[in-house]
Amino acid sequence: MLIERPPLLYRLLFPEAIWRFKHRNRRVVYLTFDDGPIPEQTPWVLDLLDRYGIRATFFMVGDNVRRHPELLEEVRRRGHSVGNHTMHHLQGMKVTSRRYMRDITEADALIDTTLFRPPHGIMRWAQAKAIKDHYNIIMYDLVTRDYSRKLNPEQVLNNVKRFARNGSIIVFHDSIKAAPNMRVALPKAIEWLLSQGYEFEPLPMQ
């Protein structure tokens, strides 16, 4: 549970970040996808979302955008939001703040967005404060763990059923590593969320 739903104490460490939205009159969740875009997975996700009429948010690694700029444009063309996930998928605690900010800026030259999510959900306090001056920091209320080789698709789906709630920001991954779980669990998760009366929205870019 410490991974699937970040505890309150961890959320309090980064008050600059958005972890969940509160809605009183509607049941809304926010699907997000990390680590793309890549031709092996992102188009498949886009087609699935189109099938359900769902808009989501893709947090993109700048180096993937550099190699596949047409996928960034296709994500936008289909009405989805995009976010910065650093140029080289850097974990903030493992590099200097100067290098981290330079990596984010390099990615932004390609992605051009107001949204940022730190890889692995980890960054230094000083980094968070500097990032907040330029971006809305988007964390998450539920990590499906679709990337985990220790989980099967049914367990990933059960994470959604157990932890999703009104206003949840939900993380899947359009990556090679996540594909075996994601391709099975994602459509089932969408069906279940719809059956529970949830609407889907992309994260606002403003």
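So that you can scan it fast, the table gives a plain yes or no per residue for (1) among the basic types (K, R); (2) touching an Asp or Glu at 6+ places or on another chain (Cβ under 7 Å); (3) within 17 Å of I170 (Cβ to Cβ):
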residue	(1), (2), (3)
L9	no, no, no
W19	no, yes, yes
L31	no, no, yes
W44	no, no, no
Exercise. When segment 176-206 is examined, which residues are found to be under 25 Å from T113 (Cα atoms) and either β-branched (V, I, T) or open to solvent by less than 20 Å² (accessible area, probe 1.4 Å) (or both)?
Worked result: I176, A178, L203
For this session: Consider only pairs whose beta carbons are under 7 Å apart and that are at least six residues apart or on different chains; among these, list those whose first residue lies in segment 179-206 and is acidic (D, E) and whose second residue is open to solvent by less than 60 Å² (accessible area, probe 1.4 Å).
Result: E199/V28; E201/V28; E201/Y30
Problem set entry | Members of segment 1-19 found to be outside any helix (DSSP H, G or I) and either in contact with a His (Cβ under 7 Å, 6 or more places away or on another chain) or open to solvent by less than 90 Å² (accessible area, probe 1.4 Å) (or both), listed by number | I3, E4, R5, P6, P7, F14, E16, A17, I18, W19
For this session: Return the pairs, sorted by first residue and then second, in which the second residue is at pLDDT below 95 and not in a strand (DSSP E or B), the first residue lies in segment 48-60 and is of a type outside the set (A, V, I, L, M), the beta carbons are less than 6 Å apart, and the residues are 6+ apart or on different chains.
Result: none
Problem set entry | Restricting segment 138-159 to residues that are open to solvent by less than 10 Å² (accessible area, probe 1.4 Å) and touching a residue at least 40 places away in the same chain (Cβ under 8 Å), the residue that is farthest from the chain's Cα centre (by Cα) | D146
For this session: Select from segment 160-175 the residues that are open to solvent by less than 10 Å² (accessible area, probe 1.4 Å) and of a type in the set (D, E, K, R) and list them in ascending order.
Result: D174
For this session: Inspect segment 35-52 for any residue being acidic (D, E), surrounded by 13 or more Cβ atoms within 10 Å (Cβ to Cβ) and not in a loop (DSSP other than H, G, I, E, B) and give the result as yes or no.
Result: no
For this session: Answer yes if at least one residue in segment 93-112 is touching a Phe, Trp or Tyr at 6+ places or on another chain (Cβ under 6 Å) and either crowded, with 19+ Cβ neighbours inside 10 Å or of a type outside the set (A, V, I, L, M) (or both), and no otherwise.
Result: no
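The values are calculated or read from the model by the stated rules, or taken from the named source; none is laboratory data. What you see is a predicted model, and the numbers here were worked out from it, not measured in a lab. Note that we place each Cβ from the backbone using ideal geometry, even for glycine, and neighbour counts take in every protein chain shown. We work out accessible area using only protein heavy atoms, side chains counted, and drop any ligands, DNA or RNA first. Shrake-Rupley method; radii C 1.70, N 1.55, O 1.52, S 1.80 Å.
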